[in-house]
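The values are calculated or read from the model by the stated rules, or taken from the named source; none is laboratory data. Just so we're clear, the structure is a prediction, and the values are computed from it rather than from any experiment. Every residue, glycine as well, gets a Cβ built from its backbone with ideal geometry; the counts of neighbours run over all protein chains shown.
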Amino acid sequence: MTEKPPYKGLETRTNEVKRAEFECQKTLETLRQNEARFRSTIREWRYLFDKTNSAIWILGPDHIILRSNKTAERIFQRSRREMLGRHCWEIVHGTEKPIPECPFLRTRESLSRESMELPVGDNWFEVTTDPLLDESGRFCGAIHIVNDITDRKQIEDALHQRESYLSAIIENLPGLVWLKDTESRFLTVNQAFAASCEKNNTEDLIGKTDLDIWPRNLAEKYRRDDFDIMKTGKSVTIEEQIFDKGVTRWFETYKTPVRNRQGTVIGTTGYAHDITDRKKAEEERYEFQKRLQQLHKAVSLNRMAGAVSHHFNNQLQAVMGNLELAMEDLPRDGNTAANLTHAMQAAQKAANICSSLLTYLGQTTNFQEALDLCEICRRSLPVIQAAIPKNITLEIDFPTPGPVIRANANNIRQILTNLITNAWEAMDKNPGNIHLAVRTIPSADIPAWNRFPIDWQPQGLSYACLEVKDNGCGIASKDLPYLFDPFFSSKFIGRGLGLPVTLGILRMHNGAVAVDSEIGRGSIVRIYFPISDEKVDKPFLPERAIQEFKWEGTVLLVEDEEIQRQLTTNMLMRLGFTVLIAKDGVEAAEIFKQNIDIIRFVISDLIMPNMNGWETMAALHKLSPNIKVIIASGCEQDFVKKSARLGRDFQIFLQKPYVFADLAAAVRQLLEQG
């Protein structure tokens, strides 16, 4: 039988004590470690508490500051001793009374984080308050964290200022401005854009697309433009025509992609301004350039026509004069005389063409008087009606009395005849109506386009208007600029002096003509004359015919054309004069100096080489101030008088081409002056 060991119960208790001691030791070690970690955490917290850039306060439930870090001392410029034990609003707001908007008070009520931004001196701070709760969830204090946000506020202010500037620029731009995202939704628009969409507020368009604003076809075009810009990354400039409510407007649009810092396209922006006025100005400038080209062409044409008329008149003078002299020596009933008569008639027609060209150039003059425009037109109609086809009906609207103008009656008849002839020829043998009307209109109603002369401008307040309207074939718009050019005609070659002569007559009367025509719808030609304040004069009576007679004496003939010299010499000799001949002004001055005592008068051409007619007359007047002079020229008398430098340069004007009777009349008129 085995014996039980002594003190067995004591051993068991000893083991339990050891185990307990071990557990206690282990627990103590854990507590030491936790204490060490806690102390480390406290040190770290204290380090962060003091070293953080944020000011931190720990507040008790009664708003008293319990702890404060060094940053708070720097921000609020108070020591910890001065801040501890005081209410937070005393330090922050400088008042002993609670501030309702204080984050601490709001946090205490809501038990949630509250924050605010406030200025302190020149700086800005953000104050954030987090509640501290006990184990039961009751409010037991708060942590106040204050961050210096001065730099951020300065950036925000700069951005706000920049946005204000940008907004002011955008709003003051005369055009439409917008910004869209990648889905082509509007992010920003200016008031002008909103007004174009009939919106009072720009906010009404934010988030909308073109499809919400514009007609579908226009909106889809804009969207395609936006997506193309975002795809290519390139800016574009577009001129586009917009039809809105029956009004056509032109816009110039600049569109460009918008990128972020990484260069990624994040939308588009655009600016469109109305260029309708610019387009109209361009059209007007284009029309003005066309008119200027026509004016330059007219100047060249006038110069050419004047030169042609001058040279033709000289040659026709020789032809007609020699024909006349030949006919004087032939029996009247012979075949040769008949042939010469036909030749003389043809030459006279050629001379009339030259005269018409000079009329077109405005280088003619006629007696003018006060006329009732309606009355002179009314008296001219019987002769005109007898010439027009029977299938043409004249409709007349002439008031009584009519407007008074200062003009030549024959010129008015010629204008009326030319216009009516053009009108009935436009009917192309078809029945039709020609409407004639006379009225007085204000100068502002005279059209500026398709008006001739192209450099003409109205001077008076009102004008007399003679209107000739037909329902003929009309005139193509491309032909209108050439309508008054000599020999231009859409009918057939060789016609076309009627309207140029009309224009020349109007130049002499300071008038104008305007044409309104369209193919297939007829034409309206309106003639404008300045209104005269004069009373209508009595009918003009022509001067008495000049009788033939002869004189004796010596004449100096100055003429550069050999044929013309010979012809005029023969005519003067037939009149009974002795003729001294000079080929130009230099020779004329020398001959005159040698024969000054026997020369009764001088006949001189105007356009000559070396010395022209005016220079020749000046030289002769120096030798003999009272010498009598006949100027012979293919230019018209009024033009010659206007170009004369001295009123005594000549006494008589002789129009080329002239016949024997014309020369005799000019000589007689010169000698009768004494």
Quick one: G496 ticks every box in (1) modelled with pLDDT under 75; (2) among the small types (G, A, S); (3) on the phi < 0 side of the Ramachandran plot except a single one, so which number is it? (3)
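For (1) touching a strand residue (DSSP E or B) at 6+ places or on another chain (Cβ under 8 Å); (2) more than 27 Å from E163 (Cα to Cα); (3) outside any helix (DSSP H, G or I), each residue gets a yes or a no:
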{"residue": "P174", "(1), (2), (3)": "yes, no, yes"}
{"residue": "V177", "(1), (2), (3)": "yes, no, yes"}
{"residue": "E183", "(1), (2), (3)": "yes, no, yes"}
{"residue": "A195", "(1), (2), (3)": "no, no, no"}
{"residue": "A219", "(1), (2), (3)": "yes, yes, no"}
{"residue": "I229", "(1), (2), (3)": "yes, no, no"}
{"residue": "K234", "(1), (2), (3)": "yes, no, yes"}
{"residue": "R249", "(1), (2), (3)": "yes, yes, yes"}
{"residue": "V258", "(1), (2), (3)": "yes, no, yes"}
Sort out which residues of region 469-485 are charged (D, E, K, R) and closer than 16 Å to H435 by Cβ, and write them in order of number. K469, D470
Among (1) modelled with pLDDT under 80; (2) part of a loop (DSSP other than H, G, I, E, B); (3) surrounded by 11 or more Cβ atoms within 10 Å (Cβ to Cβ), where does E96 come up short? (3)
Would you pick out the residues in region 587-638 that are among the charged types (D, E, K, R) and closer than 19 Å to G553 by Cβ? K593, D597, R600, K628
Of (1) outside any helix (DSSP H, G or I); (2) in contact with a Ser or Thr (Cβ under 9 Å, 6 or more places away or on another chain), F104 fails just (1)
Of (1) in a loop (DSSP other than H, G, I, E, B); (2) modelled with pLDDT of 80 or more; (3) not hydroxyl-bearing (S, T, Y), D516 fails just (1)
Failed criterion for E395 (all others in (1) modelled with pLDDT of 80 or more; (2) part of a helix (DSSP H, G or I); (3) not β-branched (V, I, T) hold): (2)
Against the condition surrounded by 13 or more Cβ atoms within 10 Å (Cβ to Cβ), within 30 Å of Q293 (Cβ to Cβ) and among the β-branched types (V, I, T), how does I392 come out, does it pass? no
Name the residues in region 441-466 that are in a loop (DSSP other than H, G, I, E, B) and of a type outside the set (A, V, I, L, M), would you? P447, W449, N450, P453, D455, W456, Q457, P458, Q459, G460
Output the residue which, of all residues in region 627-673 that are closer than 24 Å to I598 by Cα and of a type in the set (D, E, K, R), is modelled with the lowest pLDDT. R648
Output yes when any residue across region 158-169 is over 30 Å from the mean Cα position of the chain (by Cα), more than 30 Å from E126 (Cα to Cα) and surrounded by 10 or more Cβ atoms within 10 Å (Cβ to Cβ), and no when none is. no
